[in-house]
Amino acid sequence: MDCQDAGVNIKILTKDDIHTARASAIDCGIIDPNHDISTGEVIEETTFQEYAEEERLERVENIRVIARASTLDKLLMVRCLQKEGHVVAVTGDRVGDAEALREANVGLSLGNQGTDTARDSSDIVIMDDNFASIARVLSWGRTTYNNVQIFTQYQLIATIASLVIDFVTANSASEPVTINIVTVISAGNIPSAMLQVLWVKLMVGTLAALALTIDRLGTKLMQQPPTNQNEPFITNIMWKNIVGQALYLISVLLTIQFTGESYKLSDKEKDTMIFNIFVLCQLFNIFNMRKYEGNLLRELRTKRLFWGIVGTIVVIQVAMVV
C-alpha cells in the first residue's frame, strides 16, 4: 500500500492461472474484490499478445494482472508503458527477464532467488527477496532527490548573494580559495579574510548539507504524486525562492555597505557586520529549507544531531567575530 499511496501503479505478471492471479491481486490490494472481470483489469497472456499494438497501448494502463504470463509479456508491458510516458520499474529473477530488466527505467532483481543473468541486468538487487524492500528503495530515492533539490536551492541562494557582495565590496573573498591556501602555507600566517572565506565555504558546503539532509523525511513525502520526468530539476517555485531570498539578503548587505558611514561605522565594523549577517542568514535559512510534519518545536526537540550542527555553527561564528 505504501507504493500505491506514493502514486505507483502496480501490475502483476504471473505464471499462475487467472483465478489464482486474481485472488493474489485482491489480497495485495491491487484490485477491488468486487470488480467486474469484464473490465479487462485481469487478463491472460494470450489475450495480451493478441492485441494489436494500438489496442495494447490503449489498454495497458487499465491492465492490473496478466495470468500465465511469459517473459515476452513482461517486455511488451515495459515497452508499452514507456511509450505512454511512464517511468517503469520491473522485478525479475529469471534468465528470460534480463531483457525486460535492461529496458526498464529501473530493473530490480531478487538477490537470493535470482539468477546471475538477472542480477547483472538489474540496476538494484533486493537481497531479502521482500517486496516491502521495494517501497523502502522508492522512499530512499524520493528522499534523496528531495534532499538534493533542497541543498541545491540553499547553495544557489548563498552563491548568488556572496558573488554580488564580493563583486561590490571587492574584498579578498573574491580570490580563489586555492590561492589563499597556498599563500597561508608559504607565508605561515592566516589572514582573517581568508578564515572568513574558508568558514563560509565550510558552513555552506558541509555543515549545512548535514543539517539539511541527515534526517530521513517523513511520510508526507511518499503521499505526494510522482515527479514528472519532464519537469525541470529546479522548479518555478524553487526559482522564486532562490531569487527572492537572494535579493533580500543582497539588499540588506548592500545597505550596510553603502550607508554604514552615516551610522559612523568604520570599514572594519562594516565588514564584520556584513560577514556576521551573511552567516546568520544562512543559518536561519537552514530552518527555512527543512520540511516539517506536525509541530515544529516538538519535531526539532528530537533532532539532536541537527541541534549539534546548529550549535557548532553558532560557537564557531562567535569565535570568528570575537
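The values are calculated or read from the model by the stated rules, or taken from the named source; none is laboratory data. Everything quoted here is computed from the prediction, not taken from an experiment. Note that each Cβ is placed from the backbone with ideal geometry, even for glycine, and that neighbours are counted across all protein chains shown. These area figures cover heavy atoms from the full protein model, side chains too; ligands, DNA and RNA do not enter into them. Shrake-Rupley method; radii C 1.70, N 1.55, O 1.52, S 1.80 Å.
Counting only the heavy atoms of the protein chains, how much of ARG94 is accessible to a 1.4 Å probe, in Å² to the nearest 10?
Here the residue's solvent-accessible area equals roughly 80 Å².
Give the long-range amide H neighbours of THR91: residues separated by 5 or more places, or on another chain, with amide H under 5 Å away, using H modelled in the peptide plane at 1.01 Å from N.
Under 5 Å from the amide H of THR91 lie the amide H atoms of LEU108, each far enough along the sequence or on another chain.
Using a 1.4 angstrom probe and counting only protein chains, how large is the accessible area of LEU207 in Å², to 10?
30
With a 1.4 Å probe and every protein chain kept in, tell me what percent of the accessible surface of the stretch 56-167 is carbon plus sulfur.
After summing per-atom areas, the C and S share lands at 55 percent.
Could you order GLU103, GLU269, GLU41 so the one with the most accessible surface comes first? Probe is 1.4 Å.
Ranking GLU103, GLU269, GLU41 by accessible area, largest first, yields GLU269, GLU103, GLU41.
At R0 = 45 Å, how high is the FRET efficiency between LYS268 and THR235 if r is their beta carbon distance? Nearest 0.05 is fine. Mind dumping the intermediate values first?
Values: r = 41 Å, r/R0 = 0.92.
The pair LYS268/THR235 has a calculated efficiency of 0.60.
Net charge around VAL87, counting only other residues with Cβ within less than 15 Å of its Cβ (Lys, Arg = +1; Asp, Glu = -1)?
Numbers: positive: LYS11, ARG79, LYS83, ARG142; negative: GLU61, GLU84, GLU103, ASP123, GLU231.
Its environment carries a net charge of -1.
Send over a whole-number figure in Å² for the accessible area per residue of the stretch 52-152, probe 1.4 Å. Each step should come with its number before you reach the end.
Numbers: 5040 Å² over 101 residues.
About 50 Å² of surface per residue is accessible.
What is the spin-label model distance, in nm, from LYS83 to PHE287 if the labels are put 7 Å beyond Cα along the C-beta direction?
5.5
Please list CYS281, CYS28 from largest to smallest accessible area, probe radius 1.4 Å, with all protein chains kept in place.
Correct descending sequence by accessible area is CYS28, CYS281.
Place a label point 7 angstrom from the Cα of GLN113 along the Cα-to-Cβ direction, then list the residues of the stretch 78-107 whose backbone nitrogen is under 15 Å away.
91-97
Rounded to the nearest 0.05, what FRET efficiency do ARG59 and LEU210 give with R0 = 30 Å and r taken as the Cβ-Cβ distance? Could you check?
That gives a FRET efficiency of 0.05.
I'd like the accessible area for PHE258, computed on protein heavy atoms only with a 1.4 Å probe and all protein chains in place. Round to 10 Å², please.
140
In what sequence, largest accessible area first, do TYR248, TYR51, TYR263, TYR154 appear using a 1.4 Å probe? Write down the numbers at each step before the final one.
Numbers: TYR248 140, TYR51 35, TYR263 165, TYR154 0 Å².
I get TYR263, TYR248, TYR51, TYR154, largest accessible area first.
I'd like the FRET efficiency for ILE256 and LEU195, computed as 1/(1 + (r/R0)^6) with the beta carbon distance as r and R0 of 30 Å, rounded to 0.05.
0.90
Excluding same-chain residues fewer than 8 positions from LYS74, which lysines have a Cα within less than 22 Å of its Cα?
LYS11, LYS15, LYS83
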